[in-house]
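The values are calculated or read from the model by the stated rules, or taken from the named source; none is laboratory data. Values in this document were obtained by computation on a predicted structure and should not be read as measured data. Neighbour counts run over all protein chains shown; Cβ positions are idealised from the backbone, glycine included. Just so you know, the surface numbers come from the protein's heavy atoms only, side chains and all, with ligands and any DNA or RNA stripped out. Shrake-Rupley method; radii C 1.70, N 1.55, O 1.52, S 1.80 Å.
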Amino acid sequence: METITIIREAETLSRWSQIHQRAAKSVAVVPTMGYLHEGHLSLIRAARAQCDAVIVTDFVNPTQFGPNEDYAAYPRDEAMDIALCQAAGADVVFIPDVHTLYPNGQDAAWVDVKDLGDHLCGASRPGHFRGVATVVMKLLCISRADFAFFGQKDYQQLRVVQHMVHDFGLPCQIIGCPIVREPDGLAMSSRNVRLSQEERPSAIALSQGLAAAHQAFLNGERDARQLTDTAASLILPKPHAQIEYIAVADPETLEIFHHQIPNRAIMLLAVRVGNVRLIDNMLLE
Ligand code: PAF
């Protein structure tokens, strides 16, 4: 196994990519906030299978956390991340510090994608998607990647990033990869480690609620309210679980359906289990 290269400076990463691109090699980037799990590794493997050179970025981005959110408590383990990236076949791990990505300060320049980022998760996390779009723009520019891989668990994030890349005409193709789940159905997330043993059964109710709504959809239910009620009925009774939102939306525009839904839609939800905020989604088709 080749030893992985660790890069901390923006210029060094740009140069590394340029060298590969001049040799007609395609460069992939997998943006992460570290504390890698099987979901991230599936993205790295997909990038490895599709591209010649694979960069993983490992950076807990402060600008996408609100003042009362878990930036300080977000789990971090650089040594573990490097070992996992190497095992999954990445060539480079880019581990910048805050000054490297925000050389002029965290409030100096923003990318704000209107409409797509203001509702659903954006409603309870104002400014979150502005922080995500800004850091992803920086990572795409610095890495010069031809392809960037994102998980569909963060579906709204994926749509915001796709919209931004399209709107700015960035020369990068965004690839959305399927959600990876634990054997009990819980969508993989770095935050899962913060669930207590007692909270875990409540967390599993998210995917159970989505599966029940999907079954109702397959049985012909097309009323948005009935579908969200079906999902909620499995989550609400669980101890420690507080629903933030459950919605059925258009998979492209994320416009929320309130009544009759078409034959292709997406159900998205966010639920707080104790102190841990979890999200999940499922295509209804
Ligand atoms: O999905 C994440 O881990 C983050 O939001 C991302 C895309 C790496 C930006 O910080």
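Over the Cα atoms of the stretch 40-124, Rg to Rh with Kirkwood Rh, two decimal places? If you can, show how the numbers build up before the last one.
Values: Rg = 15.7 Å, Rh = 15.4 Å.
In the stretch 40-124, Rg relative to Rh is 1.02.
Let me know the shape class of the stretch 140-285, please: from the alpha-carbon gyration tensor, a ≥ b ≥ c as square roots of the eigenvalues, rounded when a/c is under 1.5, otherwise prolate if a/b is greater than b/c, or oblate.
On the way: a/c = 2.36, a/b = 1.31, b/c = 1.80.
Oblate, because a/c is 1.5 or more while a/b does not exceed b/c.
Defining a contact as two alpha carbons under 8 Å apart and six or more residues distant in sequence, what relative contact order in percent does the stretch 160-277 show? Intermediate results must be reported in sequence, preceding the final value.
Values: 152 pairs, mean separation 26.6, N = 118.
After rounding, I find 23 percent.
Could you work out the relative contact order of the chain? I mean the mean sequence separation of Cα pairs under 8 Å and 6+ apart, divided by the number of residues, in percent. If you can, show how the numbers build up before the last one.
Values: 522 pairs, mean separation 47.4, N = 285.
Across the chain, relative contact order equals 17 percent.
Relative to the Cα centre, what is the charge dipole magnitude of the chain, using +1 at the beta carbon of each Lys and Arg, -1 at the beta carbon of each Asp and Glu, and rounding to the nearest 20 debye? Could the numbers behind the result be given before it?
Numbers: 24 positive and 33 negative charges, 36 e Å.
It works out to roughly 180 debye.
Using the alpha-carbon atoms, what tilt in degrees (0 to 90, nearest 10) does helix 224-235 show relative to the longest principal axis of the chain?
Between the helix axis and the principal axis of the chain, the angle is about 80 degrees.
Classify the chain: rounded, prolate or oblate, from the alpha-carbon gyration tensor (a ≥ b ≥ c, eigenvalue square roots; a/c under 1.5 rounded; otherwise prolate if a/b is larger than b/c)?
Values: a/c = 1.76, a/b = 1.63, b/c = 1.08.
Prolate, because a/c is 1.5 or more and a/b exceeds b/c.
Computing the accessible area with a 1.4 Å probe over protein heavy atoms, can you report the carbon and sulfur percentage for the chain?
Values: 6580 of 13090 Å².
The value for the chain is 50 percent carbon and sulfur by accessible area.
How much accessible surface area, in Å² rounded to 10, belongs to the heavy atoms of L218 with a 1.4 Å probe?
Rounded to the nearest 10, the figure is 100 Å².
Any idea of H40's accessible area? Nearest 10 Å², probe 1.4 Å.
Rounded to the nearest 10, the figure is 30 Å².
Give the accessible surface of the stretch 1-141 per residue, rounded to a whole number of Å², with probe radius 1.4 Å and ligands, DNA and RNA excluded.
Values: 6460 Å² over 141 residues.
Using a 1.4 Å probe on heavy atoms only, each residue of the stretch 1-141 averages 46 Å².
Could you tell me which residue out of V273, L210, V135 lies farthest along the dipole of the chain toward its positive end? Charges go on the beta carbon: Lys and Arg +1, Asp and Glu -1, centred on the Cα centre.
The listed residue farthest towards the positive side: V135.
Classify the stretch 227-285 as rounded, prolate or oblate from the Cα gyration tensor: take a ≥ b ≥ c as the square roots of its eigenvalues, call it rounded if a/c is under 1.5, otherwise prolate when a/b beats b/c and oblate if not.
Working: a/c = 2.74, a/b = 1.91, b/c = 1.44.
Taking the square roots of the gyration eigenvalues as a ≥ b ≥ c, the stretch 227-285 is prolate.
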